[in-house]
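Asker: There's a structure below that I have some questions on.
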């Protein structure tokens, strides 16, 4: 009886350590958008999309169900087959300087944490445009993508958790199954 | 009475000897068969299983439980399933993106969130007052809305398409920005 208890205690300690270690070391690619809520007050247009878990699984199954002659939907389904979550925030303002850039900077600070690697960094004085693209890899597998675009009148953040075929998405943009919505039109 | 006879049977004691004769039949016998009311139990069989096998089995059970709880935590549980049905009953039609190309008359807000989030607002039907916004919505509806899909499936699919469209748009913006910077650098040279 005493031996059994000792084994159970040891197993529990090992499991707890493994869980804690994985939580710390296995960086989560999901960003926290709480600080962006302050933009809602002055925003003219707001788009929020949180798609993960069972809703995302349902959407993936739908892409397999739909059959179109070009096979675009199937391509989309293949591009997102490993996706675990996709989170979008878009805020558009009537005039310039109607939001606090520090909120976006705090979001960018999350991307300076270990695990994220900067892929692109573009700064343009035209419209005060700041573009950042970050990726996160777990070994050789992409585990997350983050795109943050802030301009004078708009802020757009896309956070993808899990591997996604970016080239396919860009290629299919504007075609039948992905409506081309140019959010940068002013 | 002679005490020696009782002690080591030396000497004689007629009274004790008479009592011994009378009680002789009740004398203890090492032969078990002599006592008919003695039930013999078989010796305890020692188990061949080592006690540490049970310990390992217990550890495996604990590990399996922990993994199950962990995966349950990660996937967010099954509560979302019932919430999805509840959301669908509340909305008459799916929420579609409202990103009008022209200036809208009033502020519009489209919230399309996963109902699992505790801070998520319920999807609201947007008030579309711009013609271009209605055109976008109509285009999305006509583009890919197979009638065989259920309301939940259509909602999930539209959410996915909206997210992917914004993602691809952002990526194109990145590409344009990078290309634009490369062109300006080339021109400067």
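Asker: What are the residues in segment A:71-112 that are outside any loop (DSSP other than H, G, I, E, B), over 18 Å from residue A:37 (Cα atoms) and free of Cβ contacts under 8 Å to residues at least 40 places away in the same chain, if any?
Answerer: Within segment A:71-112, A:74, A:77 meet the criteria.
Asker: Any idea which of A:146, A:120, A:152 is part of a loop (DSSP other than H, G, I, E, B) and within 19 Å of residue B:174 (Cα to Cα)? Before you say what the answer is, go through the steps one by one.
Answerer: Numbers: A:146 fails: part of a loop (DSSP other than H, G, I, E, B); A:120 fails: part of a loop (DSSP other than H, G, I, E, B).
So the residue among A:146, A:120, A:152 that is part of a loop (DSSP other than H, G, I, E, B) and within 19 Å of residue B:174 (Cα to Cα) is A:152.
Asker: Mind listing just one residue for me: the one in segment A:32-70 that is assigned to a strand (DSSP E or B) and out of contact with any helix residue (DSSP H, G or I) (no Cβ under 8 Å at 6 or more places or on another chain) and, of those, farthest from the other protein chains (Cβ to nearest Cβ)? Break it down stepwise before answering.
Answerer: Our first condition is that a residue be assigned to a strand (DSSP E or B); within segment A:32-70, this holds for A:43-52.
Remaining after also requiring out of contact with any helix residue (DSSP H, G or I) (no Cβ under 8 Å at 6 or more places or on another chain): A:43-45, A:48, A:50, A:52.
Working: A:43: 8, A:44: 5, A:45: 6, A:48: 5, A:50: 4, A:52: 6 Å.
That would be A:43.
Asker: So, one more: Do we have residue A:104 as surrounded by 17 or more Cβ atoms within 10 Å (Cβ to Cβ) and within 10 Å of chain B (Cβ to nearest Cβ) here?
Answerer: Criteria not met by residue A:104.
Asker: Residue check: is residue A:170 more than 19 Å from residue A:52 (Cβ to Cβ), within 9 Å of another protein chain (Cβ to nearest Cβ) and part of a helix (DSSP H, G or I)?
Answerer: yes
Asker: Continuing with this model, one more query. When only residues in segment A:122-155 that are out of contact with any helix residue (DSSP H, G or I) (no Cβ under 8 Å at 6 or more places or on another chain) and free of Cβ contacts under 8 Å to residues at least 12 places away in the same chain count, which is farthest from the other protein chains (Cβ to nearest Cβ)?
Answerer: A:140
Asker: Would you confirm whether any residue within segment B:150-159 is in a loop (DSSP other than H, G, I, E, B) and either more than 7 Å from chain A (Cβ to nearest Cβ) or at pLDDT below 50 (or both)?
Answerer: yes
The values are calculated or read from the model by the stated rules, or taken from the named source; none is laboratory data. Note that the structure is a prediction, hence the values are computed from the model and not measured. Heads up, the Cβs are rebuilt from the backbone with ideal geometry, glycines too, and the neighbour counts pull from every protein chain shown.
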